[in-house]
Amino acid sequence: RGKSKDPANLIMFDFAGQQEYYITHHIFLSKRCLYVLAFNLSNHADGDVNAGLFEKQIEFWWKGIENRVCDPTDPSATPKIILVGTHADMFESKDAANKQATRIHRAISRRFQIRKDVSERELKKLNNDLSKLKRDEKQKKLLVKELPPTNVGFRTKTESRLIELESQISKVQAMLKISIAIPETVIAMSSKDMYNIDKLKQMIAGSLDATGPSGKYFPELGEELPNPYFKVRSFIREQVSRSVIQKPLDLDQYYKCIKDERKIDMQMAKDATEFCHNLGDVLFYEKIGVVFLQPQFLINAFKAIIRHDHTESTTYDSLYGDIDKKQFGRMKDKLLTKGELKEHFLQFLWRDLDIGLEYEKESMYGKMINLLEKFDVAYVSEWETIDEGDKKPKMLLVPEFQPLFLHMTWPPKEKGKNQYEIQRWIYVRDKNPPSDLLKRLQVRLFTSRIFLHDPLVLHVSQEQIHITDRNFIEVYLTTRGREEDHFPHNTEVTKGLRLNIRGEDKINMWSLFFDIDRVLKILLQDWPGLAFQHSVVHTTNEGHLVLESVRNLENERKEGNLNHKFKAIVQGFHVTEDVLIEDVLGPAENKKNTKSNEPVLADTSLSTCNFTSSSSKRSVLMNKAPRISYRAGLSKKGLNQDLKVIFKEVVLSGTQSELVDKTVKIFHGQGVTCTNDLFDDSGDAGVGDLLGAHDLPKIIINKINKWVIKEKETVLSIRS
């Protein structure tokens, strides 16, 4: 729509309300949207606006939009919401329906005003604390004209507190600014007799030019765009105007079509397609290499797997000859009771997509599986080897259909004398965490290759995960239970995510923690409207659990303090224990340090490194890069373990240990400290040159190179 205000085209998505579909909603939530929340007005025809109405039918969706879309760093991302009460025809009269809609609107307004008042009181208190701290500091400076410098390089407690207060004030101010405006009314509507449908249309049309607390809701309307953008958009609309749903296109194929038919080069086509993606015209995923000219195709693909009525609607098709009826029944039962999706059953569910169901990494079928992982819907848990050592998925796990919880509690047994435990509690003050947090985290943990080798123990469910890795380190994650179930002596915490890591190898434990923490923090960025709090959990000598903010402990470390007094009141008694900060936060530097004083070089990939250079220089070149796994590269032992698995799986089973040791010596001597160093942006040349220069058998070199080529993209996709 240009400055002349031509008619605007709206694309509508109808979100299913059943719980099974919540895991897919984040794919389509965007700041460039107008949201209509509809609820059944007749469920409250008695005139009583109970507390459950708002929480169950409106607040859940409202918070979902606010948490996922509203961003304190970008106030313009605050969208508009329209509230619609349906089934107005179920009332004695339209006047009665309108009165009920008005009562509900008042209840909602009161609820939001309470939320706003709480935030404003918190802001006032923080500002008062900040003013008092500044006054006290100013008074101290007047009393003591000049103090000798102390703790050079560290912040003072006052400086840290000032920074913390200013940060908290900024967050509360930002959250108040991005709060979604309450609609002026709740529209009572009926689809039976189309009552108030024109009113809804007018409200939608008026929203296009409306201005909210953070500015115009749709500032892009009326923007002047490059002419090629319109050409690309017209090309897209020509393609989707056909009656059949268009299959997704490989990016190379798509760019070629744009160039042939519209004479637009690849970069301009890319920019224009990204613009169309932001508007919802297409779905464009450059890293995976696919574009959906009709988003409905991706919706259909996900809907074939995630649906609330699988039991009734997913039935055996005798025309699909690859699965007999008994196999079908077993596979369907495994999916719905354990979340186990056999690849044969996935092919059955996707049989009508017409994309070819032979797996290759670059095939459309392979890219669709990658999208399941990208959007945290499912992940490949088992692979099977096919011709010439290549692999294809054998089974995927779908967290949405896993059991709700495991039949276990933590800890499963008392901590051993030589065991150590890392504990964290991640929560949002006065709010519940996102309902799909642990399900999505499960996918991220197993697609980020943190657990590069099969764990010794793996138990997963929607609300609990229990893993024991090859180093006999136990990992437990849960969002199950009330906060008092976890911390009966602390009344200030709210429901959240609990993380426990237990084992004897403290170095590997901290490395594993940092890997999990990195993946978790990246995932939490998907909810910019939530301010997640990270707390250390400390178990006292008496077995009581007390919490302390990670931020506070990090500030203490910056101030030069080496230990921390954990304080708690347990059953009326004060409990105080001194604990080393490093024991609860981990090493201050969790990245590998180079042994050289040479400057760290930027953008140097493995294949560009000169392997005839000194070991010292090689270390500098390798250590500049972000690491996928800190744990794997701590020692030759870790590298040796990784390479033994590679040799067993992709080189030669039964390879002499001397050959493995020789390879480790070559890699480690040249600064390759973990198998992740083998994955570079430009291929396998570096690995081949390095091994070839040390007379390693050619068959070994070729097979390691092949493994690197096959696996590198998976690893690179989660580089931080």
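The values are calculated or read from the model by the stated rules, or taken from the named source; none is laboratory data. As the structure is a prediction and not an experimental result, all values here were calculated from the model. In this analysis, Cβ positions are derived from the backbone assuming ideal geometry, glycine residues included, and neighbour counts consider all displayed protein chains. Keep in mind that these areas ignore ligands, DNA and RNA; they rest on the heavy atoms of the full protein, side chains included. Shrake-Rupley method; radii C 1.70, N 1.55, O 1.52, S 1.80 Å.
On a 24 Å Cα-Cα criterion, which of the cross-link pairs LYS116/LYS521; LYS270/LYS439; LYS439/LYS521; LYS439/LYS506 come out too long?
On the way: LYS116/LYS521 27 Å; LYS270/LYS439 32 Å; LYS439/LYS521 15 Å; LYS439/LYS506 28 Å.
Over 24 Å Cα-Cα: LYS116/LYS521; LYS270/LYS439; LYS439/LYS506.
Averaged per residue, what accessible surface does region 172-313 expose to a 1.4 Å probe, in Å²? The partial results should precede the final answer.
Working: 7360 Å² over 142 residues.
Accessible area per residue, region 172-313: 52 Å².
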Karplus 3J(HN,Hα) series, Hz, for region 275-283 with 6.51 cos²θ - 1.76 cosθ + 1.60 (x for Gly, Pro): 4, 5, 5, 5, 7, x, 5, 9, 10
Ranking by accessible area, most exposed first, for ARG233, ARG110, ARG480 with a 1.4 Å probe: ARG110, ARG480, ARG233
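Would you mind counting up the charge near PHE345? Only other residues with Cβ under 11 Å from its Cβ, with Lys and Arg at +1 and Asp and Glu at -1. Please list the in-between numbers first.
Working: positive: ARG330, LYS332, LYS334, LYS342, ARG351; negative: ASP322, ASP333, GLU340, GLU343.
Once positives and negatives cancel, what remains is +1.
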For GLU382, residues with placed amide H under 5 Å, excluding near neighbours: LYS394, MET395
Full-stretch length increase - ASP252, HIS308 - with 0.36 nm per residue and alpha-carbon distance subtracted: 16.5 nm
Solvent-accessible area of ARG444 with every protein chain in place, 1.4 Å probe, in Å² to the nearest 10: 50
Projected label distance in nm at ASP271 and ASN128, using a 7 Å step from Cα toward the beta-carbon: 5.3
Accessible area of HIS105 in the full protein assembly, 1.4 Å probe (Å², nearest 10): 30
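Past the 26 Å Cα-Cα mark, which pairs from LYS256/LYS287; LYS415/LYS665; LYS192/LYS247? Each step should come with its number before you reach the end.
On the way: LYS256/LYS287 18 Å; LYS415/LYS665 37 Å; LYS192/LYS247 36 Å.
The pairs that break the limit, which is 26 Å between Cα atoms, are LYS415/LYS665; LYS192/LYS247.
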Exposure ranking of HIS407, HIS544 by accessible area [1.4 Å probe, largest first]: HIS407, HIS544
Region 383-469, dipole about Cα centre (Lys/Arg Cβ +1, Asp/Glu Cβ -1), debye to the nearest 20: 420
Protein-only accessible surface order, largest first, of TRP410, TRP383 at 1.4 Å: TRP383, TRP410
Per-bin percent of Cα-Cα distances, region 163-222 [10 Å]: 18, 31, 26, 16, 7, 2
Region 233-297 versus region 509-559: alpha-carbon centroid distance in Å: 42
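Given LYS31/LYS431; LYS177/LYS216; LYS303/LYS332, which pairs have Cα atoms separated by over 19 Å? Mind dumping the intermediate values first?
Details: LYS31/LYS431 22 Å; LYS177/LYS216 14 Å; LYS303/LYS332 15 Å.
Flagged as over cut-off: LYS31/LYS431.
For the pair LYS521 and ASN43, what calculated FRET efficiency results from E = 1/(1 + (r/R0)^6), where r is the Cβ-Cβ distance and R0 = 35 Å, to the nearest 0.05? Before the final figure, lay out the partial values.
Numbers: r = 40 Å, r/R0 = 1.14.
Using R0 = 35 Å, I get an efficiency of 0.30.
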Cut-off 15 Å, label 7 Å out along Cα→Cβ of HIS407, residues of region 338-381 by amide N: 338
Solvent-accessible surface (1.4 angstrom probe) belonging to MET266, in square angstrom, nearest 10: 120
